[in-house]
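To keep things clear, I will list the structure first and then write my remarks on it.
The values are calculated or read from the model by the stated rules, or taken from the named source; none is laboratory data. For clarity, every value in this text was computed on a predicted model and none was experimentally measured. All Cβ positions, glycine included, derive from the backbone under ideal geometry; neighbour counts span all protein chains shown.
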Amino acid sequence: MMYNHAPENYDCPFCRVAKNEYTETYPITRPGDVFLKTEWATAFIAAGTWPNNPGNVLVIPNRHFENIYELPLEYATEVHRLTRATALAMKAVYRCDGISTRQHNEPHGSQDVWHYHVHVFPRYAGDDLYVLSPQRRTTTPEERLPYAQQLRDAGRPEVCMVFEYHGLFNQAHLEPIRRRRAELEGKQEAVLELLLEGTHKAREVARETLARVKRNMHLNYLEEVA
């Protein structure tokens, strides 16, 4: 049984974001807010902000699922993979002290957009995130743009590596990192060859030892029989 509360003919704002279908005024999220998108999920700067936690993010599945009850496991995996990458990017870019994630279902669970989504908040010591919830306000696209740009900026090596590790981001900007990685992998291959050489020698020693043990066991057996 599904627990749905979306009104009939609901024009889902998050589906519009996922499909890149915007009108001049709807949804309130704008194309510039999106900083990361995969086949399965999309991450963007949230329109609502808290006094001490600007640049908070929403992560959504690209298909419409109203809540956690109907979210398929393959989408849950990909949404939370993107959530984790976002959290790591926030740590690298915002230099925040921690990360909070939360997710709401149904009206009494504080859900107000009928499309599954995960909130990702940068946290700072003494930020009073939950205390200051009544002071939440809607931001302008211009306010949100710098945060999206920071998280979108694949020129920063630490962000590059986070997103490349998760297979999620701008491949064109990764060439310097790839070259460096190739150099390191070349060194790793050399080390691996030494290790394999050592392994072969160890195997030879092991075989010789085993043969010697077998010979001794055989001699001991012959002595016992005699």
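Which of the residues that make up the range 2-15 are among the hydrophobic types (A, V, I, L, M, F, W, C) and either surrounded by 21 or more Cβ atoms within 10 Å (Cβ to Cβ) or free of Cβ contacts under 8 Å to residues at least 40 places away in the same chain (or both)? Quick ask: steps written out before the conclusion?
Quick first cut of the range 2-15, residues among the hydrophobic types (A, V, I, L, M, F, W, C) only: 2, 6, 12, 14-15.
Residue satisfying the conditions is Phe14 alone.
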State all residues of the range 29-51 that are surrounded by fewer than 17 Cβ atoms within 10 Å (Cβ to Cβ) and closer than 19 Å to Thr140 by Cα; if no residue qualifies, say none.
-> Pro31, Gly32, Gly48, Pro51
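Where residues in the range 100-140 are assigned to a strand (DSSP E or B) and more than 26 Å from Glu70 (Cα to Cα), which of them is nearest to the chain's Cα centre (by Cα)? Break it down stepwise before answering.
At the first step, the residues of the range 100-140 found to be assigned to a strand (DSSP E or B) are 100-102, 118-123, 137-138.
Adding the requirement that they be more than 26 Å from Glu70 (Cα to Cα) leaves 122-123, 137-138.
Values: Pro122: 15, Arg123: 17, Arg137: 27, Thr138: 26 Å.
So the residue we want is Pro122.
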If you scan the range 54-78, which residues turn out to be more than 18 Å from Tyr116 (Cβ to Cβ) and surrounded by fewer than 21 Cβ atoms within 10 Å (Cβ to Cβ)?
-> Pro54
Identify all residues within the range 85-112 that are touching a His at 6+ places or on another chain (Cβ under 9 Å), closer than 14 Å to Ile60 by Cα and buried (at least 17 other Cβ atoms within 10 Å of the Cβ); write none if there are none.
-> Ala85, Gln103, His104, Gln111
Kindly indicate which of Arg156, Arg123, Arg144 is surrounded by 13 or more Cβ atoms within 10 Å (Cβ to Cβ), at pLDDT below 95 and of a type in the set (Lys, Arg).
-> Arg156
Answer yes or no: is there a residue in the range 16-28 that is crowded, with 21+ Cβ neighbours inside 10 Å, in contact (Cβ under 8 Å) with a residue 24 or more places away in the chain and within 14 Å of Asp112 (Cα to Cα).
-> no
